[in-house]
Amino acid sequence: MGKNIAVVGTGYVGLVTGVALSEIGHNVTCIDIDEKKVARMQQGESPIYEPGLDEIMKRSIEAGRLHFTTKHEEGFQGKEIAYIAVGTPEKEDGTADLRFIEAVAKDIAQNVKQDITVVTKSTVPVGTNDYVLKLVKENLAEDVSVDVVSNPEFLREGSAVYDAFNGDRIVIGASSVHAGDLLEEVNKPFGLPIFRTDVRSAEMIKYAANAFLATKIGFINEVANLCDRLEANVEDVAAGMGMDGRIGAQFLRPGHGYGGSCFPKDTSALVKLADAVGYEFDLLQAVVDGNKRQKLIMVDKAKEVIGSLKGKKIALLGLAFKPNTDDMRESPAIDISRELLLSGAEVTGYDPIAMENAPHFMPEGVDYVPSAEEALQGADAAILVTDWDEFKNLDMSVYENLMAAPLLFDGRNTYSRDVVATSNVEYYSVGRKPVNSEKKVEVR
Ligand code: UDX
């Protein structure tokens, strides 16, 4: 039987969670303070770009299982489970900001009129659920019993809907056996492996998983930088390493650094969390520092190849932190364009989806154009920032025909070197030998 569930916060995590829970038969009310956003969602319109989401939203709304409201009292009415899915942004000092979590905990306490299980989906420092339990209990308006469950999400942006139904595991860390059983029942219809543990271990699993994946990327990026200097091919190195089942082939794609809403924030938060208990997580700190450097490797390469970038017109292909999302958070495009502008270059940017979002994150002074072709027109060099399919499918002749000089810096190893070698494009990528560098394209 479907449960009555409230989900607070309708960002990536909250909305996808709410929609997925309604799809498997629960009665879900999503609560958000943003009236405009709620009005859109009530019409079945997703405020975020996430493949497949609109479709399920519409279906669940029509079936009467999915509701949206700004009114908290109404939202919590008759609910036995309340999910917290608000943001935990990074504070200036790198720690996680728990302001929104605290506000929701108090809100739940003030509004629930029956026993409640509070489930934290947001990524929170170890110990936060215990704090939430205390906060809710201290602020209760009615005499009801409260449990907490840490139930971290492992969704990737751009494939969040797919991941919700096909994830590797569902982690449940509950404050009581009863609450753990309840969450297991809620999640059973997903048909995914369920891993039960204590609250703090569940919180740690999320941080440790993200930190490990970030480290894996950081490691292959360092190896790529070495391959660059030693004339080895990182693609083959990664393939050969990945065949070892103990290592695994995933997350060994080198590039100009990871971005997004999770890895940068969660790695910093875990370093800080370690600090707070007197432990120095040096390995992870090195990953954080290495990633900052990595974001600029294509600009460094451009300076090496071109010399001064003053007055040079540079096209950025892709602005989002990865393909299939309009998310600009911590995208390498931001650091790259800042450095290019500081070096006196003229920067033109294009992204298939993130054009509306980009100016809010990018430095002032970037020129935006509506197509890759317009970005490349007359450009002295191009930096491929995000490996969208649209760019993968670009013929090398487009670079040759449109650019002032067909000089391409590919921060995502988007093209096969063999394909580039059939053209006149001078090509630099990450951890692979350049192509046509001996031809030395004349830069004006
Ligand atoms: C990540 C985790 O995968 C997910 O489990 C967690 O819930 C949230 O954080 P997401 O940020 O959406 O998801 O993106 P992901 O696809 O994991 O990529 C993160 C960043 O790493 C991107 O910038 C991507 O370009 C980069 N990356 C990924 C690499 O540079 N190389 C790789 O091999 C894989």
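Listing for the model above:
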{"item": "Loop-resident sites, the range 257-359, for chymotrypsin sites (Phe, Trp or Tyr not before Pro), counting at most 16 other Cβ within 10 Å (DSSP)", "result": "Y279"}
{"item": "Cα centroid separation, the range 109-170 to the range 382-397 (Å)", "result": "41"}
{"item": "Share antiparallel - DSSP beta bridges, the range 295-439, percent rounded to 5", "result": "5"}
{"item": "√(5λ) per eigenvalue of the Cα gyration tensor, the range 341-444, largest first, Å", "result": "23, 15, 13"}
{"item": "Charge-dipole axis of the range 107-197 as Lys and Arg at +1 and Asp and Glu at -1 on Cβ define it, positive-most pick from Y162, G180, V146", "result": "Y162"}
{"item": "Cα-based Rg and Dmax for the chain, where Dmax is the largest Cα-Cα distance (Å)", "result": "23.8, 78"}
{"item": "DSSP bridge orientation in the chain - percent antiparallel, rounded to nearest 5", "result": "10"}
{"item": "Subset of K71/K106; K216/K265; K292/K313; K137/K272; K272/K292 violating a 19 Å alpha-carbon distance limit", "result": "K292/K313; K137/K272"}
{"item": "Hydrodynamic radius (Kirkwood) for the range 210-261, which is based on Cα pairs only, to one decimal in Å", "result": "11.3"}
{"item": "Cα gyration tensor shape of the range 14-160, rounded if a/c is under 1.5, else prolate or oblate by comparing a/b with b/c", "result": "oblate"}
{"item": "Net charge dipole size for the chain [Lys, Arg +1 and Asp, Glu -1 on Cβ; Debye, nearest 20]", "result": "380"}
{"item": "Check: the range 206-293 dipole with +1 on Lys, Arg Cβ and -1 on Asp, Glu Cβ, in debye", "result": "320"}
{"item": "The chain: relative contact order as a whole-number percent, Cα under 8 Å and 6+ apart", "result": "11"}
{"item": "Tensor-based shape of the range 235-385 (alpha-carbon gyration tensor, a/c under 1.5 rounded, otherwise prolate or oblate)", "result": "prolate"}
{"item": "Spatial separation of Cα centroids for the range 24-42 and the range 287-330, in angstrom", "result": "37"}
{"item": "Residues R40, R432, sorted so that the one with the fewest Cβ neighbours within 10 Å comes first", "result": "R40, R432"}
{"item": "Local electrostatic count, G44, Cβ distance below 10 Å [Lys/Arg +1, Asp/Glu -1]", "result": "-1"}
{"item": "Footprinting exposure proxy for K265, K206 (fewest neighbouring C-beta atoms within 10 Å first)", "result": "K265, K206"}
{"item": "Top positive-direction residue, dipole computed over the chain with Cβ charges, set M328, G52, G290", "result": "G290"}
{"item": "Global geometry of the range 132-262, whether rounded, prolate or oblate, following the gyration tensor of its Cα atoms and the 1.5 cut on a/c", "result": "prolate"}
{"item": "Relative exposure of S397, S122, judged by other C-beta atoms within 10 Å (fewest first)", "result": "S397, S122"}
{"item": "Student exercise, the range 1-119 dipole from Lys, Arg, Asp, Glu Cβ charges, in Debye to nearest 20", "result": "360"}
{"item": "222 nm mean residue ellipticity, helices alone, for the chain (DSSP H n ≥ 4; -39,500 (n - 2.57); rounded to 500)", "result": "-12500 deg cm²/dmol"}
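Each reported figure results from applying straightforward, stated rules to the coordinates on display, with no laboratory input. Note that the structure is predicted; figures quoted are calculated from it, not measured. As a convention, Cβ positions derive from the backbone with ideal geometry for all residues, glycine included, and neighbour counts pool all protein chains shown.
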